[in-house]
Amino acid sequence: MSSRPSRGAARLLNLHSGFVMVSTQVAGSFFAVYLLKIGFSLAVTFLAIGAVLAVRFALRFLVLWLVPLLGLRRSLALGTFTRALQFLPLAYATHLPGLIAWIALSALADALYWPLYHTVVAGVGEPETRGSQVGALEAIRSLTGIVGPALGGWLMAGFGPNATFAIGAALQLGALWPVLAMPDTPTGPVPTVRDSLKGDRLGFLIFVSDGLVQIGWFYVWSLALFMALKSSFEFYGGAMAVSGLVAAIVGFSAGRVLDRGHGGRLLHLVTLVMLAGIAARILAIGNGPASFAVNTFSVVALSLYTPTVMNTMYNRAHRLGPLRFHFFTESGWDIGGILGCLMAALVATLGGSLSYAMLPSLLGVLAIHRCVSAAERQFRRPGGMAPERA
């Protein structure tokens, strides 16, 4: 692929990511707190999130049938469209059939979308500029995180959930055009069902650990923050928006550091900052002003963490075959996420503080440090990198 098509594909991918992320920030980031607001308990909310991941895990094999039939680009477009549909059942989530429909549609959308999205990112970029690519995507996520949550909070408070989720669906549909305009991206060989059950062990363990980290970092914390801010959609959206401004600057800068070959030193820094960020969130739970302040500055940790981890993952995918790699490793994320949700639901059922539900994230960060360090040593080894099969 020439550099010109590569740059064009990268711009279209960034535009697509921008639409998806602003949809997530305006509407998607409110679904967990919305379930809490309409009367579901903390335990049921965590179990609902875990159910989405469990059903997604079961539906992921659809990708192996879809990509040979439609191709990567059209399959990703279908996943993008399905993600827009997942917002519709939330209007009826007050009743069990509506909640089940939301779980099923969300699981289907994620099963069709995320492995293919990561495959495209790995296929479009090159290892030499991967840090800048991932840093730019993180900056886009953070920039949409400035306006999106503030707008979402205002819409939820002023116009209600139906209007908010409808706008989120429309923004998600806007992400279709860049995908359809994008040139075809190499996927590597499409694995058979039997082959898909085996894959890169280190990548799998990295995503298991990341799933464990993210459940505590995002879902447990967002519910704790929402309750600390008096269950106000506007206050919650405002808190997320302020943190997005800080995160945008840090995420792009981290990508530049990775491209200069300082990933090892950055990984050590990321580990320390993430551990400190999780500890600060644990201590702030239950205190409104402290939660707002910690939310603003602890997001720096994630803005360093995401480019560092995903730089490693996308480079491994680039060498080992993007589709096969991400199909297998995404199942690891589901497993880590399900474990995190079950532990959080158990804490909530026993009446414990949500601080305890964030403790597994600390273990996840330590596991990430160990696995990413090993992966980077493999990457620098003379003669390239051979996959470790699970």
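Quick look at the values:
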read-out	value
PHE81 being modelled with pLDDT of 95 or more and either closer than 23 Å to PHE19 by Cβ or in contact with a His (Cβ under 6 Å, 6 or more places away or on another chain) (or both)	yes
Enumeration of residues in the stretch 188-229 that are in a loop (DSSP other than H, G, I, E, B) and farther than 27 Å from SER303 by Cα	GLY188, PRO189, VAL190, PRO191, THR192, LEU197, LYS198, GLY199
Residues satisfying the stated conditions in the stretch 61-71, i.e. of a type outside the set (Gly, Ala, Ser) and either surrounded by fewer than 21 Cβ atoms within 10 Å (Cβ to Cβ) or more than 20 Å from the chain's Cα centre (by Cα) (or both)	PHE61, LEU62, LEU64, TRP65, LEU66, VAL67, PRO68, LEU69, LEU70
Elements of type helices (runs of 4 or more DSSP H) in the stretch 281-379, at least 3 residues being aliphatic (A, V, I, L, M)	288-320, 322-349
Residue within the stretch 40-57 that is at pLDDT 90 or above, aromatic (Phe, Trp, Tyr) and surrounded by 21 or more Cβ atoms within 10 Å (Cβ to Cβ) present	yes
The lone exception for ALA51 - which of (1) within 17 Å of the chain's Cα centre (by Cα); (2) in contact (Cβ under 8 Å) with a residue 60 or more places away in the chain it fails	(2)
Count of residues meeting criterion [among the β-branched types (Val, Ile, Thr), surrounded by fewer than 24 Cβ atoms within 10 Å (Cβ to Cβ) and either at pLDDT 70 or above or touching a Lys or Arg at 6+ places or on another chain (Cβ under 6 Å) (or both)] in the stretch 129-143	1
Some residue of the stretch 102-123 being part of a helix (DSSP H, G or I) and more than 30 Å from GLY321 (Cα to Cα)	yes
Residue in the stretch 200-215 that is surrounded by fewer than 21 Cβ atoms within 10 Å (Cβ to Cβ) and of a type in the set (Lys, Arg) present	yes
Residue check, THR185 assigned to a loop (DSSP other than H, G, I, E, B) and either of a type in the set (Ser, Thr, Tyr) or under 25 Å from LEU53 (Cα atoms) (or both)	yes
Test for LYS230: is it modelled with pLDDT under 95, closer than 23 Å to GLY288 by Cα, surrounded by fewer than 24 Cβ atoms within 10 Å (Cβ to Cβ) and not hydroxyl-bearing (Ser, Thr, Tyr)	yes
All positions within the stretch 163-189 that are surrounded by 15 or more Cβ atoms within 10 Å (Cβ to Cβ), out of contact with any Gly (no Cβ under 7 Å at 6 or more places or on another chain) and farther than 25 Å from GLY8 by Cα	PHE165, ALA166, ILE167, ALA169
Output for the stretch 103-122, where each listed residue is over 20 Å from PHE61 (Cβ atoms) and free of Cβ contacts under 8 Å to residues at least 40 places away in the same chain	none
The stretch 79-97 - residue that is surrounded by 19 or more Cβ atoms within 10 Å (Cβ to Cβ) and of a type in the set (A, V, I, L, M) and, of those, farthest from GLN172 (Cα to Cα)	ALA93
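The values are calculated or read from the model by the stated rules, or taken from the named source; none is laboratory data. Given the structure is predicted, the values throughout are model-derived calculations rather than measurements. Neighbour counts are summed over all protein chains in view; Cβ atoms, including those assigned to glycine, are modelled from backbone coordinates with ideal geometry.
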